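In what follows, a structure is listed as structure tokens, so that the remarks can point back to it.
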Amino acid sequence: MNDLFDQRPRKLRCGKVLSLAEAISEIRDGDVLMLGAFIDTRRPMAAAYEIVRQQKRGLILLAQCSLAEDVLVGAGCAVAWRGCYTGMGSFGLSPATLRKTEAGEFFPDEIGHLDIIYGAMAAMAGCPFVATRATIGSDVLNDQLNRNEVLRAKAGNQSMIPKKKYEFIDDPFYDQGLVKLLPAMPADVAIIHTPIAGEAGTARISGSLAFDHYFIHAARTVIITTEQIVPEEYLRREPNRNQIPSTAVDMVVEVPWGGHPSQVPGCYDTDISFIRNYEALARSEEGFQKWVKEWVWDIDSRDQYLDKIGALRLEKLRSSTPAMQRPRSTHQKKYTIVKEDGDE
Amino acid sequence: MSKVVSLKEAIGEIKDGDVILTGGIVEDRRPVAAAMEVVRQGKKNLVLIGTCSLCDDIMVGGGCVAAYRGTYTSNGAFGISPNFKRKAEEGSIICDDIGHIDYSIGVMAGMAGVPFIASKTCIGTDVLNPAYDNLGGARSVARNPEVLPKKKYVLMEDPFFDMGTVQLIPAIKLDVCICHVQMVGEEGTVRIDGSLTFDHFAALSARKVIVTAEQVVPESYIRQDPNRNCIPCTSVDMVVELPWGAHPGQVYNFYDMDIPFLQEYAKSCATQEGFDKWAAEWIFNENGHDDYINKLGASRLQKLRAVPPYGYVPRKKGGVK
Amino acid sequence: MTREIAKPGEYSPVEAMVVYAARFLAGFDGKKGLIGTGLPLVATQLAKMTYSPNMIIFVETGQADARPQELPISIMDSRLTYGSSWQMGDPEGLFPLSRNEIDFGFIGGAQIDKYGNVNSTFIGGDYNKPYKRLAGTAGAVDIGVFAKDTVILMAHQKRRIVDFVDYLTTPGWMVKKWPEGTLVRREELGLQGGPSSFISSMGICRFDDTTKIMYLDKYFPGIKPEDVKANTGFDIDVSRATEADPIYTDEIKLLREEIDPLNIYKMR
């Protein structure tokens with residue numbers, strides 16, 4: 001929870017543990033939103049489906065438009081974004097994002113990868129800006145492509161978007177010459193998916209933290225979705241292992257397989273065929289609507305989602321410790337009883 | 001490739017006039033044994049960054065430090081750092097105070113590779129008093145002044161979020177960073193228990209990083225649990241195995257602080273003669289740290305050993321009194 | 001069952017200061033505080049055990065929601081790690097301040113002046129050759145700049161409560177604008193927050209809404225307002241002061257038997 005960029009009073013709540021529907025209902029149209037981790041790793045997918053289900057509108061996305069964000073863009077929930085990546089790793093480019101951007105319905109504002117990190121880092125430290133030479137010499141700094149005003153106009157809470165995208169000065173300290181002043185990158189909401197979390201919000205991540213350990217401090221409202229809620233006391237026996245403190249978290253939701261089809265290190269692997277199926281369908285409007293009907297609108301509960309995927313298929317994905325991922329060669333050879341379209 | 005060396009060799013790499021930061025903070029996980037070796041080797045004109053307490057104060061008493069830029073000059077519960085206090089009051093050490101968030105942002109900027117970051121951190125206070133700005137003095141004694149910023153700070157108006165006047169805080173860069181940790185791999189991967197203090201940032205903004213550790217373990221062992229590792233081996237130059245290397249301070253999960261020793265230190269160092277006498281007994285031994293711990297004695301050290309799961313010695317079990 | 005009242009003389013002035021501070025912290029139950037080293041740690045431990053059990057404690061060394069089982073000797077003490085939600089480093093420990101999340105900072109200091117500025121850097125002489133060199137800024141400067149409220153704890157002695165501090169470490173209500181060094185209201189420099197209270201070994205002081213100058217709000221049992229005036233280094237207004245509620249024996253018992261039985265903090 002970051003109170004620096006948005007000082008409106010907070011809602012008083014008895015406890016942090018909520019249902020997914022309750023937690024997502026806190027997101028307002030026009031919110032600036034960060035979804036945790038990246039590409040096909042530890043994405044808050046269940047949360048993304050719920051955002052679609054609750055028909056949020058006008059969201060501004062940060063950092064990337066990949067898988068989880070692509071679903072939001074395809075469903076018409078997001079109107080603009082500021083970030084550095086519109087791909088889905090080895091699955092190609094983000095289909096709905098590309099389609100809507102080319103149609104002029106979805107507005108991008110390019111920044112660099114380091115810009116995201118520095119922006120979140122500045123917000124984490126309560127700093128208004130950071131100096132850097134990142135992106136100097138590139139078209140990221142082309143004023144004709146600067147969409148800062150668009151983002152400010154579309155954001156529900158204008159204080160989330162800085163008054164300018166950047167400024168230039170000469171470094172007075174170390175003779176680095178021309179440097180860019182990069183503003184902090186706060187957000188209204190950050191949603192992070194973790195393997196375990198305590199009921200007060202302490203959470204523990206295995207594998208890459210991505211930007212999450214900065215995002216949780218850059219956002220005003222932090223929602224943790226987690227595979228399992230465990231006793232807070234258990235996590236506090238080893239505080240050095242916890243990357244997310246309870247004090248940064250507003251809401252905790254238990255959502256087993258909440259990262260599916262992305263991988264969650266320590267829990268399960270990427271569901272390759274699911275993502276490939278999504279990518280193929282989302283290239284067209286009709287295909288995307290078919291996909292979202294099957295996986296969001298016709299699904300009444302998380303239980304139904306899991307049963308539809310199937311127990312056997314999920315077991316094929318389950319990780320084994322200590323590698324944290326299950327080598328694909330083993331789980332493909334062992335379970336060949338059910339073969340699905342697109343399965344290799 | 002193993003980076004394990006002797007303490008003598010590691011400290012031998014430090015040059016007179018180096019800008020140096022010691023890890024941990026106050027009584028917590030300080031590289032005391034390393035600092036004693038710095039005194040033994042007679043280093044001079046060091047510029048101390050961050051804080052001046054315990055191991056830093058030992059180096060000050062030993063005549064190794066010419067300037068200090070930092071945020072805290074106390075030994076916590078054991079009074080103001082005695083050698084530093086004496087020299088500051090004599091006017092024989094250059095002193096340039098900065099804030100604690102200054103320090104945090106400074107090492108973070110160093111870690112992130114950025115030249116400066118803006119914050120309101122010392123607005124309104126005497127930290128920004130031009131009459132108290134002794135950065136120039138520190139630069140004049142540093143062997144390589146380019147490691148230090150050209151200015152202490154610059155004020156400007158925030159053009160982005162209407163925060164008004166903000167202070168531009170330059171990155172903290174270092175010639176040397178010395179950390180004492182619980183566990184390190186032979187190639188330098190570091191695992192810290194308890195507070196990381198600034199080590200996870202400072203080690204990444206130093207040209208040379210020396211890690212002393214309670215235990216050196218096989219690199220393969222420490223890499224089985226990478227999420228627990230705080231400093232990558234790619235940022236570490238030298239590794240020294242040094243059990244009790246932070247005594248008389250605390251090392252979480254290993255030992256608690258030796259309060260009588262800390263009290264004795266505070267008393268001894270009221271005068272330079274007192275420090276010299278104390279140093280003759282505890283620092284200038286033939287076999288350095290080995291003699292130090294033998295002198296303390298196994299039974300004394302045993303009483304300091306931490307009790308799981310707490311990481312310190314619970315008082316109710318009749319521990320530190 | 002009525003609580004037994006302790007009489008002045010049955011407890012030390014430092015114990016009184018700590019007990020009244022713990023009571024004061026009742027107003028921060030459920031709120032976030034950044035606690036400084038020294039006696040504030042004792043008062044916090046007492047408050048968490050009594051009037052403010054849900055207070056959320058932050059410490060500069062990187063603990064969030066610390067729940068120490070034993071009284072830490074300082075904020076660097078390992079005793080603060082076990083039971084905390086996370087244990088990171090000092091940057092992570094301090095950034096909640098600059099993110100505007102901290103409801104109050106709780107610090108000691110060497111000098112406090114009539115505007116609530118606190119000095120922990122040097123006393124007397126010159127900065128480059130001080131009469132008494134002290135610990136420096138530590139988190140005290142950051143608490144004064146960023147916390148939504150600052151509460152100061154200090155023994156009530158004439159040489160410590162002064163007209164203006166020798167070095168402005170923790171900004172109070174009238175602060176310095178650089179490079180000129182002129183005295184301005186803190187709001188002019190865009191600083192929110194500010195000190196609300198100063199709890200001493202004799203009473204509780206607050207700051208006038210208009211002049212921003214310290215005045216005596218409460219004096220402790222056994223103390224007279226004239227004593228406070230005599231022990232203050234500027235002409236403090238004591239006309240609005242009333243007597244504080246008495247201390248109870250169970251509070252003293254808790255301090256002496258549970259919290260600091262070994263008298264580590266030398267309160268008695």
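Summary table
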item	result
Verdict on B:Pro145 being surrounded by fewer than 18 Cβ atoms within 10 Å (Cβ to Cβ), more than 11 Å from chain C (Cβ to nearest Cβ), under 22 Å from the mean Cα position of the chain (by Cα) and under 30 Å from C:Gly125 (Cβ atoms)	yes
Of the criteria (1) in contact with a helix residue (DSSP H, G or I) (Cβ under 9 Å, 6 or more places away or on another chain); (2) touching a residue at least 12 places away in the same chain (Cβ under 8 Å), which one A:Gln158 fails	(2)
Qualifying residues in the stretch A:253-264 (those that are outside any loop (DSSP other than H, G, I, E, B) and under 16 Å from the mean Cα position of the chain (by Cα)) - the one farthest from the other protein chains (Cβ to nearest Cβ)	A:Val253
In the stretch A:227-252, residue farthest from the other protein chains (Cβ to nearest Cβ) [restricted to those that are assigned to a strand (DSSP E or B) and crowded, with 24+ Cβ neighbours inside 10 Å]	A:Val252
Filter result for A:Arg276 (closer than 30 Å to A:Ala103 by Cβ, over 17 Å from the mean Cα position of the chain (by Cα), in a loop (DSSP other than H, G, I, E, B) and modelled with pLDDT of 95 or more)	no
Any hit, the stretch C:131-143, residues being away from every other protein chain (no Cβ under 14 Å) and closer than 30 Å to B:Ala67 by Cα	no
Qualifying residue in the stretch C:171-181 (condition: facing chain B (nearest Cβ under 9 Å), closer than 23 Å to B:Tyr68 by Cα and of a type in the set (Val, Ile, Thr))	no
Hey, B:Val190 at pLDDT 95 or above and within 14 Å of chain C (Cβ to nearest Cβ) or not	yes
Qualifying residues in the stretch B:271-321 (those that are within 14 Å of chain C (Cβ to nearest Cβ) and in contact with a strand residue (DSSP E or B) (Cβ under 8 Å, 6 or more places away or on another chain)) - the one surrounded by the fewest Cβ atoms within 10 Å (Cβ to Cβ)	B:Lys317
Inter-residue pairs, beta-carbon under 6 Å, first of a type in the set (S, T, N, Q) and in the stretch A:172-184, second crowded, with 19+ Cβ neighbours inside 10 Å, 6+ apart	A:Gln176/B:Pro115
Where B:Ala171 falls short, out of the listed (1) within 8 Å of another protein chain (Cβ to nearest Cβ); (2) under 22 Å from the mean Cα position of the chain (by Cα); (3) within 20 Å of B:Asp56 (Cβ to Cβ); (4) not hydroxyl-bearing (Ser, Thr, Tyr)	(3)
B:Glu146 touching a strand residue (DSSP E or B) at 6+ places or on another chain (Cβ under 7 Å) and of a type in the set (Asp, Glu)	no
Flag if A:Ser206 is of a type in the set (Ser, Thr, Tyr), touching a residue at least 12 places away in the same chain (Cβ under 8 Å), on the phi < 0 side of the Ramachandran plot and touching a helix residue (DSSP H, G or I) at 6+ places or on another chain (Cβ under 7 Å)	yes
Some residue of the stretch A:210-222 being at the interface with another protein chain (Cβ under 9 Å from one of its Cβ atoms), surrounded by fewer than 24 Cβ atoms within 10 Å (Cβ to Cβ) and either among the aliphatic types (A, V, I, L, M) or over 21 Å from C:Leu94 (Cα atoms) (or both)	no
Single match in A:Arg276, A:Arg283 (criterion: touching a Pro at 6+ places or on another chain (Cβ under 7 Å), away from every other protein chain (no Cβ under 14 Å) and farther than 25 Å from A:Cys14 by Cα)	A:Arg283
Search result, residues across the stretch C:117-130 that are surrounded by 23 or more Cβ atoms within 10 Å (Cβ to Cβ) and either in contact with a Leu (Cβ under 8 Å, 6 or more places away or on another chain) or away from chain B (no Cβ under 12 Å) (or both)	C:Asn117, C:Asn119, C:Ser120, C:Thr121, C:Phe122
Hits in the stretch B:177-198 (condition: out of contact with any helix residue (DSSP H, G or I) (no Cβ under 6 Å at 6 or more places or on another chain) and buried (at least 24 other Cβ atoms within 10 Å of the Cβ))	B:His180, B:Val181, B:Val184, B:Val190, B:Ile192, B:Ser195, B:Leu196
Out of A:Thr202, A:Thr221, A:Thr225, sole residue that is touching a Ser or Thr at 6+ places or on another chain (Cβ under 6 Å) and among the β-branched types (Val, Ile, Thr)	A:Thr202
Hey, C:Leu71 touching a helix residue (DSSP H, G or I) at 6+ places or on another chain (Cβ under 8 Å), part of a helix (DSSP H, G or I) and either modelled with pLDDT under 95 or within 14 Å of chain A (Cβ to nearest Cβ) (or both) or not	no
Matching residues in the stretch C:78-94 - criterion: being within 20 Å of the chain's Cα centre (by Cα) and at the interface with chain B (Cβ under 7 Å from one of its Cβ atoms)	C:Leu94
Residue tally, condition away from every other protein chain (no Cβ under 14 Å), surrounded by fewer than 14 Cβ atoms within 10 Å (Cβ to Cβ) and assigned to a helix (DSSP H, G or I), over the stretch C:217-268	4
Test: B:Gly249 is within 14 Å of chain C (Cβ to nearest Cβ) and either among the hydroxyl-bearing types (Ser, Thr, Tyr) or within 17 Å of B:Arg30 (Cβ to Cβ) (or both)	yes
Selection from the stretch C:161-181 of residues that are buried (at least 19 other Cβ atoms within 10 Å of the Cβ) and in a loop (DSSP other than H, G, I, E, B)	C:Val165, C:Asp166, C:Tyr167, C:Leu168, C:Thr169, C:Pro171, C:Gly172, C:Trp173, C:Trp178
Selection within the stretch A:136-150 - away from chain B (no Cβ under 13 Å) and either surrounded by 15 or more Cβ atoms within 10 Å (Cβ to Cβ) or acidic (Asp, Glu) (or both)	A:Asp139, A:Val140, A:Leu141, A:Asp143, A:Asn146, A:Arg147, A:Glu149, A:Val150
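The values are calculated or read from the model by the stated rules, or taken from the named source; none is laboratory data. Small disclaimer: the values here were computed from a predicted structure and weren't measured. Virtual Cβ from ideal backbone geometry, glycine too; neighbours counted across all protein chains shown.
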